[in-house]
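Please read the structure below before turning to the comments.
The values are calculated or read from the model by the stated rules, or taken from the named source; none is laboratory data. Since we're looking at a predicted model, the values are computed, not measured. All Cβ positions, even for glycine, are placed from backbone atoms using ideal geometry, and neighbour counts span all protein chains on display.
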Amino acid sequence: MHIETGAARAMETRLFRSMFEERKRVFVDLLHWDVPVLAGRYEIDQFDNDSAVYIVIADAEGEHLASARLLPTIGDHILGTIFPELCEQAPPRGGAILEITRFCLARRLRARERLEVRNRLVSALVEYALRNRIQSYTGVAEWPWFQQILSFGWACRPLGLPGSKNCLVALQIDIDGRTREQLQASGIWRPVGLADFAKAA
Amino acid sequence: MIGLGQFQDFCAVAATIRDSRALAGLMAEITREMGFRYYALVHHIDLKPAVSSVHIVDYPPDWVERFQAHRLYASDPIHRASHRTNVGFAWSAVQSLITLSAADRSILAEAHDAGLGDGFTVPAHIPGEVNGSCSFAMGSGDVLDQRQLPLVQLIGSFAFEAARRLSRQTQAPCEGPSLTERQAECVALVARGKTDWEISQILGIGQETVIQHVKDARDRYGVTKRTLLAIRALFDGQISFADVFGR
(Lines give C-alpha, C1' and ligand atoms only; values in the text may rest on other atoms or scores of the structure.)
Protein backbone atom coordinates (compact mmCIF):
# COMPACT_ATOMS: atom_id res chain seq x y z
CA MET A 1 0.00 0.00 0.00
CA HIS A 2 1.30 3.42 -0.99
CA ILE A 3 0.14 6.71 0.50
CA GLU A 4 0.63 10.25 -0.78
CA THR A 5 -0.85 13.59 0.27
CA GLY A 6 -1.65 16.36 -2.22
CA ALA A 7 -2.38 16.05 -5.94
CA ALA A 8 0.70 18.02 -7.04
CA ARG A 9 3.05 15.76 -5.09
CA ALA A 10 1.22 12.68 -6.30
CA MET A 11 1.76 13.76 -9.91
CA GLU A 12 5.52 13.64 -9.33
CA THR A 13 5.64 9.86 -9.07
CA ARG A 14 4.88 7.36 -11.79
CA LEU A 15 2.64 5.12 -9.64
CA PHE A 16 0.33 7.97 -8.65
CA ARG A 17 0.28 9.40 -12.20
CA SER A 18 -0.89 5.98 -13.36
CA MET A 19 -3.63 6.20 -10.72
CA PHE A 20 -4.94 9.41 -12.35
CA GLU A 21 -4.73 7.66 -15.74
CA GLU A 22 -6.67 4.66 -14.46
CA ARG A 23 -9.26 7.00 -12.97
CA LYS A 24 -9.77 8.44 -16.46
CA ARG A 25 -10.21 4.93 -17.90
CA VAL A 26 -12.70 3.96 -15.20
CA PHE A 27 -14.73 7.07 -14.43
CA VAL A 28 -14.65 8.84 -17.82
CA ASP A 29 -14.24 6.08 -20.45
CA LEU A 30 -16.21 3.33 -18.69
CA LEU A 31 -18.72 5.07 -16.42
CA HIS A 32 -19.06 8.28 -18.51
CA TRP A 33 -18.90 10.59 -15.52
CA ASP A 34 -18.85 14.25 -16.46
CA VAL A 35 -15.52 15.12 -14.80
CA PRO A 36 -12.51 17.04 -16.16
CA VAL A 37 -9.62 15.31 -17.93
CA LEU A 38 -6.16 16.86 -17.92
CA ALA A 39 -3.90 16.54 -20.98
CA GLY A 40 -6.31 13.91 -22.37
CA ARG A 41 -4.89 11.37 -19.87
CA TYR A 42 -5.47 12.25 -16.24
CA GLU A 43 -8.81 12.51 -14.46
CA ILE A 44 -8.24 15.33 -11.98
CA ASP A 45 -10.98 17.51 -10.48
CA GLN A 46 -11.31 20.41 -8.05
CA PHE A 47 -11.10 18.08 -5.03
CA ASP A 48 -7.64 16.87 -6.06
CA ASN A 49 -5.98 19.59 -4.00
CA ASP A 50 -3.17 19.79 -1.43
CA SER A 51 -5.15 18.07 1.31
CA ALA A 52 -6.39 15.06 -0.67
CA VAL A 53 -4.85 11.77 0.49
CA TYR A 54 -4.28 8.97 -2.03
CA ILE A 55 -4.03 5.31 -1.16
CA VAL A 56 -2.78 2.99 -3.88
CA ILE A 57 -2.44 -0.79 -4.03
CA ALA A 58 0.26 -1.84 -6.49
CA ASP A 59 1.38 -5.22 -7.85
CA ALA A 60 4.86 -6.72 -7.46
CA GLU A 61 6.07 -4.72 -10.49
CA GLY A 62 4.83 -1.48 -8.95
CA GLU A 63 1.86 -1.11 -11.30
CA HIS A 64 -1.36 0.50 -10.06
CA LEU A 65 -4.06 -2.08 -9.20
CA ALA A 66 -6.49 -0.08 -7.11
CA SER A 67 -6.77 3.27 -5.38
CA ALA A 68 -8.97 5.59 -3.39
CA ARG A 69 -8.95 9.28 -2.58
CA LEU A 70 -9.63 10.50 0.95
CA LEU A 71 -10.93 14.03 1.45
CA PRO A 72 -10.99 15.89 4.79
CA THR A 73 -14.61 16.65 5.68
CA ILE A 74 -13.71 19.94 7.35
CA GLY A 75 -13.10 21.39 3.89
CA ASP A 76 -14.85 21.03 0.54
CA HIS A 77 -15.76 17.43 -0.21
CA ILE A 78 -18.26 15.67 -2.41
CA LEU A 79 -21.00 14.92 0.12
CA GLY A 80 -20.73 18.30 1.85
CA THR A 81 -20.38 20.39 -1.32
CA ILE A 82 -22.25 18.58 -4.11
CA PHE A 83 -24.77 16.22 -2.49
CA PRO A 84 -25.71 17.59 0.96
CA GLU A 85 -29.39 16.85 0.18
CA LEU A 86 -28.65 13.12 0.34
CA CYS A 87 -28.25 13.49 4.10
CA GLU A 88 -31.28 13.61 6.37
CA GLN A 89 -29.31 15.92 8.66
CA ALA A 90 -26.21 18.06 7.97
CA PRO A 91 -23.39 16.04 6.31
CA PRO A 92 -20.97 14.77 8.99
CA ARG A 93 -17.86 16.92 9.30
CA GLY A 94 -14.84 16.75 11.58
CA GLY A 95 -11.15 16.11 11.91
CA ALA A 96 -11.74 12.41 12.59
CA ILE A 97 -14.01 11.95 9.56
CA LEU A 98 -12.70 11.47 6.03
CA GLU A 99 -14.68 11.00 2.84
CA ILE A 100 -13.77 8.08 0.57
CA THR A 101 -14.02 9.04 -3.09
CA ARG A 102 -12.81 7.68 -6.46
CA PHE A 103 -12.64 4.05 -5.28
CA CYS A 104 -11.03 2.66 -8.38
CA LEU A 105 -10.06 -0.85 -9.54
CA ALA A 106 -7.88 -1.23 -12.65
CA ARG A 107 -10.01 -2.15 -15.65
CA ARG A 108 -7.63 -4.83 -16.84
CA LEU A 109 -8.29 -7.02 -13.77
CA ARG A 110 -10.43 -10.13 -14.14
CA ALA A 111 -13.35 -10.89 -11.83
CA ARG A 112 -11.45 -12.84 -9.19
CA GLU A 113 -8.45 -10.50 -9.15
CA ARG A 114 -10.84 -7.57 -8.82
CA LEU A 115 -12.35 -9.03 -5.66
CA GLU A 116 -8.93 -9.78 -4.21
CA VAL A 117 -7.59 -6.30 -4.97
CA ARG A 118 -10.81 -4.70 -3.73
CA ASN A 119 -10.38 -6.57 -0.43
CA ARG A 120 -6.78 -5.36 -0.13
CA LEU A 121 -7.85 -1.77 -0.72
CA VAL A 122 -10.73 -1.98 1.79
CA SER A 123 -8.35 -3.46 4.39
CA ALA A 124 -5.80 -0.74 3.66
CA LEU A 125 -8.46 1.94 4.21
CA VAL A 126 -9.35 0.42 7.58
CA GLU A 127 -5.70 0.16 8.58
CA TYR A 128 -5.11 3.76 7.51
CA ALA A 129 -8.05 4.93 9.64
CA LEU A 130 -6.92 2.98 12.70
CA ARG A 131 -3.40 4.38 12.47
CA ASN A 132 -4.47 7.96 11.90
CA ARG A 133 -7.24 8.17 14.51
CA ILE A 134 -9.93 8.38 11.85
CA GLN A 135 -13.22 7.29 13.40
CA SER A 136 -15.50 7.41 10.40
CA TYR A 137 -15.50 7.43 6.64
CA THR A 138 -18.33 8.97 4.69
CA GLY A 139 -19.11 8.56 1.02
CA VAL A 140 -21.63 8.72 -1.78
CA ALA A 141 -22.42 5.50 -3.62
CA GLU A 142 -24.73 4.31 -6.34
CA TRP A 143 -27.12 1.66 -5.11
CA PRO A 144 -25.35 -1.55 -6.32
CA TRP A 145 -22.05 -0.33 -4.90
CA PHE A 146 -23.78 0.52 -1.63
CA GLN A 147 -25.09 -3.06 -1.36
CA GLN A 148 -21.54 -4.28 -1.92
CA ILE A 149 -20.08 -1.90 0.69
CA LEU A 150 -22.69 -3.16 3.13
CA SER A 151 -21.69 -6.77 2.44
CA PHE A 152 -18.16 -6.15 3.75
CA GLY A 153 -19.63 -6.60 7.21
CA TRP A 154 -18.38 -3.38 8.80
CA ALA A 155 -20.57 -0.82 10.59
CA CYS A 156 -22.08 0.99 7.61
CA ARG A 157 -25.30 2.97 7.58
CA PRO A 158 -27.09 5.30 5.17
CA LEU A 159 -27.28 8.99 6.11
CA GLY A 160 -30.58 9.48 4.30
CA LEU A 161 -32.97 7.90 1.83
CA PRO A 162 -31.66 6.87 -1.59
CA GLY A 163 -32.10 9.69 -4.11
CA SER A 164 -34.94 8.99 -6.50
CA LYS A 165 -33.17 10.11 -9.70
CA ASN A 166 -29.95 8.12 -9.85
CA CYS A 167 -30.33 6.10 -6.66
CA LEU A 168 -27.34 7.65 -4.93
CA VAL A 169 -26.93 6.97 -1.22
CA ALA A 170 -24.90 8.92 1.34
CA LEU A 171 -23.28 6.59 3.82
CA GLN A 172 -21.12 6.53 6.91
CA ILE A 173 -18.78 3.75 8.01
CA ASP A 174 -17.57 3.75 11.61
CA ILE A 175 -14.09 2.33 12.13
CA ASP A 176 -13.02 1.07 15.54
CA GLY A 177 -11.27 -1.82 17.29
CA ARG A 178 -13.89 -4.28 16.03
CA THR A 179 -13.68 -3.41 12.35
CA ARG A 180 -10.80 -5.79 11.52
CA GLU A 181 -12.73 -8.67 13.10
CA GLN A 182 -15.89 -7.74 11.21
CA LEU A 183 -14.01 -7.79 7.91
CA GLN A 184 -12.37 -11.07 8.89
CA ALA A 185 -15.76 -12.65 9.55
CA SER A 186 -16.96 -11.70 6.09
CA GLY A 187 -13.77 -12.95 4.44
CA ILE A 188 -12.72 -9.47 3.26
CA TRP A 189 -9.77 -8.79 5.54
CA ARG A 190 -6.26 -8.93 4.03
CA PRO A 191 -3.26 -8.12 6.24
CA VAL A 192 -1.57 -4.85 5.35
CA GLY A 193 2.19 -4.99 5.96
CA LEU A 194 3.69 -2.71 8.59
CA ALA A 195 6.57 -2.03 6.21
CA ASP A 196 4.11 -0.31 3.92
CA PHE A 197 3.39 2.22 6.64
CA ALA A 198 7.06 2.72 7.47
CA LYS A 199 7.75 3.55 3.81
CA ALA A 200 4.82 5.93 3.72
CA ALA A 201 5.92 7.81 6.83
CA MET B 1 -45.93 3.48 7.00
CA ILE B 2 -42.53 3.77 8.66
CA GLY B 3 -39.94 6.56 8.88
CA LEU B 4 -36.16 6.76 8.92
CA GLY B 5 -36.27 6.31 12.71
CA GLN B 6 -37.90 2.89 12.47
CA PHE B 7 -35.44 1.93 9.76
CA GLN B 8 -32.54 2.80 12.06
CA ASP B 9 -34.10 0.79 14.88
CA PHE B 10 -34.47 -2.14 12.47
CA CYS B 11 -30.75 -1.93 11.53
CA ALA B 12 -29.66 -1.72 15.15
CA VAL B 13 -31.62 -4.85 16.05
CA ALA B 14 -30.66 -6.68 12.83
CA ALA B 15 -26.98 -6.16 13.66
CA THR B 16 -27.31 -7.98 16.97
CA ILE B 17 -29.40 -10.94 15.79
CA ARG B 18 -27.81 -14.37 16.24
CA ASP B 19 -30.21 -16.85 14.68
CA SER B 20 -32.61 -17.03 11.78
CA ARG B 21 -35.68 -17.44 13.98
CA ALA B 22 -35.00 -14.05 15.57
CA LEU B 23 -34.48 -12.55 12.11
CA ALA B 24 -37.77 -14.08 10.95
CA GLY B 25 -39.49 -12.41 13.92
CA LEU B 26 -37.93 -9.04 13.14
CA MET B 27 -38.88 -9.40 9.46
CA ALA B 28 -42.47 -10.25 10.32
CA GLU B 29 -42.67 -7.13 12.46
CA ILE B 30 -41.18 -4.68 9.94
CA THR B 31 -43.18 -6.28 7.11
CA ARG B 32 -46.39 -5.51 8.99
CA GLU B 33 -45.27 -2.00 9.94
CA MET B 34 -44.55 -1.19 6.29
CA GLY B 35 -48.04 -2.32 5.33
CA PHE B 36 -47.04 -5.60 3.65
CA ARG B 37 -48.33 -9.05 4.49
CA TYR B 38 -45.56 -11.41 3.30
CA TYR B 39 -41.80 -11.42 2.82
CA ALA B 40 -39.11 -13.65 1.29
CA LEU B 41 -35.40 -13.33 1.90
CA VAL B 42 -33.65 -15.73 -0.47
CA HIS B 43 -30.64 -16.67 -2.53
CA HIS B 44 -31.81 -17.73 -5.98
CA ILE B 45 -30.41 -21.22 -6.01
CA ASP B 46 -31.50 -24.78 -6.05
CA LEU B 47 -28.17 -26.56 -5.97
CA LYS B 48 -27.44 -29.62 -3.90
CA PRO B 49 -25.59 -29.82 -1.66
CA ALA B 50 -26.62 -26.25 -0.90
CA VAL B 51 -23.74 -23.86 -0.40
CA SER B 52 -24.25 -21.52 2.54
CA SER B 53 -27.44 -19.90 1.36
CA VAL B 54 -30.14 -17.63 2.63
CA HIS B 55 -33.73 -18.84 2.80
CA ILE B 56 -36.14 -17.13 5.18
CA VAL B 57 -39.64 -17.02 3.79
CA ASP B 58 -43.10 -16.13 5.01
CA TYR B 59 -45.36 -16.57 1.98
CA PRO B 60 -48.78 -18.19 1.71
CA PRO B 61 -48.11 -21.95 2.31
CA ASP B 62 -49.95 -22.91 -0.89
CA TRP B 63 -47.60 -20.81 -2.94
CA VAL B 64 -44.45 -22.05 -1.20
CA GLU B 65 -45.51 -25.62 -1.96
CA ARG B 66 -46.15 -24.91 -5.62
CA PHE B 67 -42.95 -22.90 -5.89
CA GLN B 68 -40.88 -25.80 -4.61
CA ALA B 69 -42.79 -28.48 -6.52
CA HIS B 70 -42.19 -26.65 -9.80
CA ARG B 71 -38.62 -25.65 -8.94
CA LEU B 72 -39.31 -22.02 -9.78
CA TYR B 73 -36.09 -20.69 -8.19
CA ALA B 74 -34.62 -19.62 -11.51
CA SER B 75 -37.64 -19.43 -13.79
CA ASP B 76 -39.80 -17.27 -11.52
CA PRO B 77 -40.29 -14.09 -13.59
CA ILE B 78 -39.80 -11.90 -10.51
CA HIS B 79 -36.44 -13.52 -9.73
CA ARG B 80 -35.46 -13.29 -13.38
CA ALA B 81 -36.41 -9.61 -13.50
CA SER B 82 -34.36 -8.97 -10.36
CA HIS B 83 -31.27 -10.16 -12.27
CA ARG B 84 -31.81 -7.35 -14.77
CA THR B 85 -31.65 -4.48 -12.28
CA ASN B 86 -29.81 -3.30 -9.22
CA VAL B 87 -32.59 -1.32 -7.62
CA GLY B 88 -35.91 -2.40 -6.17
CA PHE B 89 -38.96 -2.72 -8.42
CA ALA B 90 -42.69 -3.19 -7.97
CA TRP B 91 -44.03 -6.48 -9.32
CA SER B 92 -46.70 -4.59 -11.24
CA ALA B 93 -43.84 -3.02 -13.26
CA VAL B 94 -42.09 -6.32 -14.02
CA GLN B 95 -42.82 -5.93 -17.73
CA SER B 96 -40.51 -2.92 -17.90
CA LEU B 97 -37.64 -5.32 -17.04
CA ILE B 98 -38.44 -8.54 -18.89
CA THR B 99 -40.84 -9.72 -21.57
CA LEU B 100 -43.39 -12.05 -20.01
CA SER B 101 -44.06 -15.36 -21.72
CA ALA B 102 -47.34 -17.26 -21.44
CA ALA B 103 -45.67 -19.49 -18.82
CA ASP B 104 -44.58 -16.41 -16.83
CA ARG B 105 -48.11 -15.06 -16.89
CA SER B 106 -49.47 -18.30 -15.56
CA ILE B 107 -46.90 -18.31 -12.74
CA LEU B 108 -47.95 -14.77 -11.78
CA ALA B 109 -51.63 -15.74 -11.99
CA GLU B 110 -50.98 -18.74 -9.73
CA ALA B 111 -49.22 -16.51 -7.19
CA HIS B 112 -52.20 -14.19 -7.26
CA ASP B 113 -54.60 -17.11 -6.73
CA ALA B 114 -52.51 -18.23 -3.76
CA GLY B 115 -53.15 -14.85 -2.12
CA LEU B 116 -50.12 -12.77 -3.17
CA GLY B 117 -50.96 -9.24 -4.29
CA ASP B 118 -48.56 -6.63 -5.62
CA GLY B 119 -45.07 -6.69 -4.17
CA PHE B 120 -41.67 -5.02 -4.17
CA THR B 121 -38.41 -6.88 -4.74
CA VAL B 122 -34.99 -5.57 -3.75
CA PRO B 123 -32.25 -7.39 -5.69
CA ALA B 124 -29.04 -8.29 -3.84
CA HIS B 125 -26.17 -8.85 -6.24
CA ILE B 126 -22.89 -9.35 -4.42
CA PRO B 127 -19.95 -9.95 -6.79
CA GLY B 128 -18.62 -13.48 -6.44
CA GLU B 129 -21.87 -14.77 -4.93
CA VAL B 130 -25.15 -16.22 -6.09
CA ASN B 131 -27.83 -13.58 -6.74
CA GLY B 132 -30.43 -13.08 -4.08
CA SER B 133 -33.28 -10.77 -3.21
CA CYS B 134 -35.57 -9.53 -0.49
CA SER B 135 -39.24 -9.28 -1.46
CA PHE B 136 -42.25 -7.89 0.32
CA ALA B 137 -45.78 -8.68 -0.82
CA MET B 138 -49.24 -7.29 -0.19
CA GLY B 139 -52.34 -9.41 0.19
CA SER B 140 -54.27 -9.60 -3.09
CA GLY B 141 -56.26 -6.43 -3.64
CA ASP B 142 -54.11 -4.25 -1.31
CA VAL B 143 -52.50 -1.15 -2.85
CA LEU B 144 -48.73 -0.56 -2.73
CA ASP B 145 -47.76 2.75 -1.09
CA GLN B 146 -45.28 4.26 -3.60
CA ARG B 147 -43.94 6.90 -1.16
CA GLN B 148 -42.71 4.16 1.11
CA LEU B 149 -40.52 2.46 -1.50
CA PRO B 150 -37.13 4.15 -0.86
CA LEU B 151 -37.36 2.98 2.75
CA VAL B 152 -38.49 -0.49 1.69
CA GLN B 153 -35.41 -0.63 -0.50
CA LEU B 154 -33.15 0.21 2.46
CA ILE B 155 -34.89 -2.31 4.72
CA GLY B 156 -34.57 -4.99 2.02
CA SER B 157 -30.84 -4.42 1.64
CA PHE B 158 -30.09 -4.48 5.35
CA ALA B 159 -32.35 -7.49 5.87
CA PHE B 160 -30.51 -9.42 3.17
CA GLU B 161 -27.16 -8.45 4.66
CA ALA B 162 -28.28 -9.63 8.12
CA ALA B 163 -29.39 -12.96 6.63
CA ARG B 164 -26.09 -13.30 4.77
CA ARG B 165 -24.20 -12.74 8.01
CA LEU B 166 -26.23 -15.46 9.73
CA SER B 167 -25.68 -17.97 6.92
CA ARG B 168 -21.94 -17.32 7.20
CA GLN B 169 -22.00 -18.11 10.90
CA THR B 170 -23.74 -21.44 10.52
CA GLN B 171 -21.79 -22.69 7.53
CA ALA B 172 -18.15 -22.37 6.60
CA PRO B 173 -17.70 -19.75 3.88
CA CYS B 174 -16.45 -20.64 0.40
CA GLU B 175 -17.87 -24.17 0.56
CA GLY B 176 -18.49 -24.12 -3.16
CA PRO B 177 -15.76 -25.30 -5.50
CA SER B 178 -13.08 -22.81 -6.38
CA LEU B 179 -10.88 -22.77 -9.46
CA THR B 180 -7.18 -22.01 -9.77
CA GLU B 181 -6.19 -18.86 -11.66
CA ARG B 182 -5.30 -20.90 -14.74
CA GLN B 183 -8.47 -22.98 -14.61
CA ALA B 184 -10.58 -19.82 -14.33
CA GLU B 185 -8.76 -18.35 -17.31
CA CYS B 186 -9.43 -21.47 -19.38
CA VAL B 187 -13.09 -21.61 -18.32
CA ALA B 188 -13.60 -17.95 -19.30
CA LEU B 189 -12.29 -18.85 -22.76
CA VAL B 190 -14.48 -21.98 -22.87
CA ALA B 191 -17.41 -19.63 -22.18
CA ARG B 192 -16.32 -17.61 -25.21
CA GLY B 193 -16.73 -20.74 -27.30
CA LYS B 194 -13.01 -21.37 -27.82
CA THR B 195 -11.71 -24.87 -28.50
CA ASP B 196 -8.88 -26.34 -26.43
CA TRP B 197 -6.48 -25.70 -29.30
CA GLU B 198 -7.59 -22.05 -29.57
CA ILE B 199 -7.25 -21.61 -25.81
CA SER B 200 -3.73 -23.05 -25.94
CA GLN B 201 -2.80 -20.50 -28.64
CA ILE B 202 -4.34 -17.57 -26.74
CA LEU B 203 -2.66 -18.47 -23.43
CA GLY B 204 0.58 -19.68 -25.02
CA ILE B 205 0.47 -23.07 -23.30
CA GLY B 206 0.22 -26.63 -24.61
CA GLN B 207 -3.09 -28.05 -25.78
CA GLU B 208 -2.66 -31.04 -23.45
CA THR B 209 -2.28 -28.63 -20.54
CA VAL B 210 -5.51 -26.85 -21.50
CA ILE B 211 -7.35 -30.18 -21.73
CA GLN B 212 -6.11 -31.03 -18.24
CA HIS B 213 -7.13 -27.63 -16.79
CA VAL B 214 -10.62 -27.89 -18.25
CA LYS B 215 -10.96 -31.48 -17.07
CA ASP B 216 -9.82 -30.55 -13.53
CA ALA B 217 -12.29 -27.65 -13.51
CA ARG B 218 -15.12 -29.98 -14.62
CA ASP B 219 -14.16 -32.42 -11.88
CA ARG B 220 -14.29 -29.68 -9.25
CA TYR B 221 -17.88 -28.92 -10.22
CA GLY B 222 -18.74 -32.57 -10.82
CA VAL B 223 -20.03 -31.80 -14.32
CA THR B 224 -19.18 -33.54 -17.58
CA LYS B 225 -20.09 -30.86 -20.15
CA ARG B 226 -18.13 -27.74 -21.07
CA THR B 227 -21.33 -25.71 -21.32
CA LEU B 228 -22.42 -26.64 -17.82
CA LEU B 229 -18.92 -25.89 -16.54
CA ALA B 230 -19.04 -22.38 -17.98
CA ILE B 231 -22.52 -21.78 -16.57
CA ARG B 232 -21.62 -23.02 -13.10
CA ALA B 233 -18.47 -20.90 -12.98
CA LEU B 234 -20.45 -17.83 -14.05
CA PHE B 235 -23.17 -18.62 -11.52
CA ASP B 236 -20.66 -18.86 -8.67
CA GLY B 237 -18.80 -15.75 -9.76
CA GLN B 238 -15.57 -17.69 -10.41
CA ILE B 239 -15.66 -15.91 -13.75
CA SER B 240 -17.79 -12.88 -14.61
CA PHE B 241 -19.70 -11.80 -17.70
CA ALA B 242 -17.06 -9.11 -18.13
CA ASP B 243 -14.41 -11.86 -18.43
CA VAL B 244 -16.48 -13.51 -21.15
CA PHE B 245 -17.57 -10.49 -23.14
CA GLY B 246 -14.55 -8.27 -22.52
CA ARG B 247 -14.64 -5.11 -20.50
List the number of the failed condition for B:Gly222; all other conditions in (1) within 14 Å of chain A (Cβ to nearest Cβ); (2) surrounded by fewer than 19 Cβ atoms within 10 Å (Cβ to Cβ); (3) at pLDDT below 90 hold.
(1)
Among residues of region A:140-160 being under 13 Å from A:Phe83 (Cβ atoms) and facing chain B (nearest Cβ under 9 Å), the residue surrounded by the most Cβ atoms within 10 Å (Cβ to Cβ) is A:Pro158
Within region B:106-123, which residues are at pLDDT below 90 and either within 14 Å of another protein chain (Cβ to nearest Cβ) or in a helix (DSSP H, G or I) (or both)?
B:Ser106, B:Ile107, B:Leu108, B:Ala109, B:Glu110, B:Ala111, B:His112, B:Asp113
Residue list for region A:96-109, filter: of a type in the set (A, V, I, L, M), away from chain B (no Cβ under 14 Å) and either more than 26 Å from B:Ala242 (Cα to Cα) or in contact with a His (Cβ under 8 Å, 6 or more places away or on another chain) (or both):
A:Ala96, A:Ile97, A:Leu98
Within region A:110-127, track down each residue that is assigned to a helix (DSSP H, G or I), within 12 Å of chain B (Cβ to nearest Cβ) and not hydrophobic (A, V, I, L, M, F, W, C).
A:Arg112, A:Glu113, A:Arg114, A:Glu116, A:Arg118, A:Asn119
Per the filter on region B:225-247, residues over 17 Å from the mean Cα position of the chain (by Cα), surrounded by fewer than 18 Cβ atoms within 10 Å (Cβ to Cβ) and either within 14 Å of chain A (Cβ to nearest Cβ) or hydrophobic (A, V, I, L, M, F, W, C) (or both) are B:Leu228, B:Ala242, B:Phe245, B:Gly246, B:Arg247
Give just the number: which of (1) more than 25 Å from A:Pro191 (Cα to Cα); (2) assigned to a loop (DSSP other than H, G, I, E, B); (3) not polar (S, T, N, Q) does A:Leu79 not satisfy?
(2)
Do any residues in region A:76-90 that are within 18 Å of A:Ser51 (Cα to Cα) have Cβ atoms under 6 Å from those of residues that are of a type outside the set (A, V, I, L, M), where the two are at least six apart or on different chains, and which pairs are they?
A:His77/A:Glu99; A:Ile78/A:Thr101; A:Leu79/A:Pro91; A:Leu79/A:Glu99; A:Leu79/A:Thr138; A:Gly80/A:Pro91
Can you tell me which residue among B:Ser92, B:Ser96, B:Ser101, B:Ser82 is under 16 Å from the mean Cα position of the chain (by Cα), in the same structural domain as B:Phe158 (by TED's automatic domain parsing) and not basic (Lys, Arg)?
B:Ser82
Of the residues A:Arg108, A:Arg131, which single one is in contact with a Phe, Trp or Tyr (Cβ under 8 Å, 6 or more places away or on another chain) and of a type in the set (Lys, Arg)?
A:Arg131
Are any residues in region A:112-122 closer than 23 Å to A:Pro158 by Cβ and of a type outside the set (Lys, Arg), and if so, which ones?
A:Asn119, A:Leu121, A:Val122
Here the residues within region B:134-155 that are more than 8 Å from chain A (Cβ to nearest Cβ), surrounded by fewer than 24 Cβ atoms within 10 Å (Cβ to Cβ) and within 27 Å of B:Ala15 (Cβ to Cβ) are B:Asp145, B:Arg147, B:Gln148, B:Leu149
Return yes or no: is A:Arg93 assigned to a loop (DSSP other than H, G, I, E, B) and either touching a Gly at 6+ places or on another chain (Cβ under 8 Å) or away from chain B (no Cβ under 14 Å) (or both)?
yes
From the residues in region B:1-21 that are among the small types (Gly, Ala, Ser) and out of contact with any helix residue (DSSP H, G or I) (no Cβ under 9 Å at 6 or more places or on another chain), which one is nearest to B:Ile56 (Cα to Cα)?
B:Ala12
